Amino acid sequence: MRGARILGTGRALPQRVVTNADLMKSMDTTEEWIVQRTGVRERRFVDPGTGSSALGTEAAKAAIAASGIAPGKIDFIVFATVSPDWFFPGGGVFVQDKLGLPTIGALDVRTQCTGFLYGLSVAEAYVKGGFFDHVLVIGSEVQSTGLDMSTAGRDVSVIFGDGAGAAVVGPAEPGKGILSSHMHAEGKYAKDLMLEAPASIEHPRLSHEMIDAGRHYPKMNGRYVFTHAVRRLPEVIREALAANGLSMGDLSLVIPHQANLRITQAVAAALQVPAEKVFSNVEKYGNTTAASIPIALDECVEQGKIREGDLVCLAAFGSGFTWASTLLRW
Ligand code: COA
């Protein structure tokens, strides 16, 4: 069977920088609390009218340019998001239209912070199996329009930001590129990080009462999420290494989902790897959910942190709970 590798990456961040001091204008919080608990110093928010498909399209254009292939060679789109422009259709079809691509398929992935890695595994399988040659995988989020910016929502709202990242996956020699993907879910914890409404189990899906009760805002059991993340991330990274007969010493770089800095530091400690081997940019962008890994990957490529032959592990944990890893030989 042929291999599959990432041919090019790209990212798109809104221009508007929102600092912790900006958040203090609408909620009771402090710079110290946010930085100490999360490591986030600023995040980017879109201006009204920009949705996740627009950001995703910008990131996709950059990834296609970096891959060196003509846009017409893209066979399929995988679009990971928790914040589609509309309730339906999903965002992938908007990206297809905005890129001016022909009637190729567009699949939305809804696995929250692990969305990009689940999406990458779809691309990996299609390309390795010979079903498609080039698959565009995008993670894109506009979180800012869905956050409670009052004190009631401060535990969640200080963490999240907007952004998009993308990768083009194409054929490779066997044993090069994406070595393996590992995905898990544990739905019994769905209520510990979720956004309920609009809800199809309610009629109507969104009512004034639901809005008054704040059920259209995300809810998080922060401590619970933290505890599970610091256990599952090292576990799924070890699983990827073991599946390929490799060990921690072989790893050049870990790119974890940028949930928050304390989680990233706890993962480095659990893996017993130096902090510089675990990439972090959460201080600039906050947690951008499905976009965080492809944004981080693109920055690592740009900054020369990944060289040919390096072993890189991508790992994510998030709502569901879901968690996943992807092992790459660059
Ligand atoms: N500013 C100031 N105070 C805040 C605050 C904010 N933005 N958010 C919460 N607080 C307050 C709480 O109200 C609480 O006050 P109380 O003690 O008077 O009740 C206090 O800070 C401590 O809250 P707590 O929730 O116990 O804090 P914590 O130490 O667990 O930290 C998180 C909260 C969210 C930072 C932490 O649980 C965490 O990092 N969780 C993982 C979250 C995550 O990464 N989610 C995304 C996963 S993909």
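The values are calculated or read from the model by the stated rules, or taken from the named source; none is laboratory data. Small disclaimer: the values here were computed from a predicted structure and weren't measured. Cβ: placed from backbone, ideal geometry, glycine included. Neighbour counts: every protein chain shown.
Is the range 109-123 home to any residue that is of a type in the set (Val, Ile, Thr), over 19 Å from Ala59 (Cβ atoms) and not assigned by TED's automatic domain parsing to the domain that holds Cys313? Among the residues of the range 109-123, not one is of a type in the set (Val, Ile, Thr), over 19 Å from Ala59 (Cβ atoms) and not assigned by TED's automatic domain parsing to the domain that holds Cys313, which makes the answer no.
Looking at Asp28, Asp85, Asp47, can you tell me which residue is farther than 17 Å from Thr288 by Cβ and outside any helix (DSSP H, G or I)? So that I can check it myself, show each step before the final result.
On the way: Asp85 fails: farther than 17 Å from Thr288 by Cβ; Asp47 fails: farther than 17 Å from Thr288 by Cβ.
Answer to the check: Asp28.
Taking the numbered list (1) surrounded by fewer than 15 Cβ atoms within 10 Å (Cβ to Cβ); (2) touching a residue at least 12 places away in the same chain (Cβ under 8 Å); (3) closer than 21 Å to Ile159 by Cα in turn, Ala65 passes all entries but (3).
Confirm whether Gly214 is within 16 Å of the ligand (Cβ to nearest atom), outside any helix (DSSP H, G or I) and surrounded by fewer than 16 Cβ atoms within 10 Å (Cβ to Cβ). Even if it seems obvious, please write down each step before you answer.
Numbers: within 16 Å of the ligand (Cβ to nearest atom): yes; outside any helix (DSSP H, G or I): yes; surrounded by fewer than 16 Cβ atoms within 10 Å (Cβ to Cβ): yes.
For Gly214, the condition - within 16 Å of the ligand (Cβ to nearest atom), outside any helix (DSSP H, G or I) and surrounded by fewer than 16 Cβ atoms within 10 Å (Cβ to Cβ) - is met.
Scanning the range 1-25 for residues that are of a type in the set (A, V, I, L, M, F, W, C) and outside any helix (DSSP H, G or I) yields Met1, Ala4, Ile6, Leu7, Ala12, Leu13, Val17, Val18, Met24. Taking the criterion of being within 9 Å of the ligand (Cβ to nearest atom) and charged (D, E, K, R), the only residue of the range 17-31 that qualifies is Asp28.
Has the range 106-113 got at least one residue that is β-branched (Val, Ile, Thr), under 19 Å from Gln143 (Cβ atoms) and in a loop (DSSP other than H, G, I, E, B)?
We begin by selecting, within the range 106-113, every residue β-branched (Val, Ile, Thr); these are 109, 111.
From what is left, the residues that are under 19 Å from Gln143 (Cβ atoms) are 109, 111.
Going one step further and asking which of them are in a loop (DSSP other than H, G, I, E, B), we end up with 111.
Looking through the range 106-113, at least one residue is β-branched (Val, Ile, Thr), under 19 Å from Gln143 (Cβ atoms) and in a loop (DSSP other than H, G, I, E, B).
Among His257, His228, which is the only one that is surrounded by 17 or more Cβ atoms within 10 Å (Cβ to Cβ) and closer than 19 Å to Ser140 by Cβ? Of the residues listed, the single one that is surrounded by 17 or more Cβ atoms within 10 Å (Cβ to Cβ) and closer than 19 Å to Ser140 by Cβ is His257.
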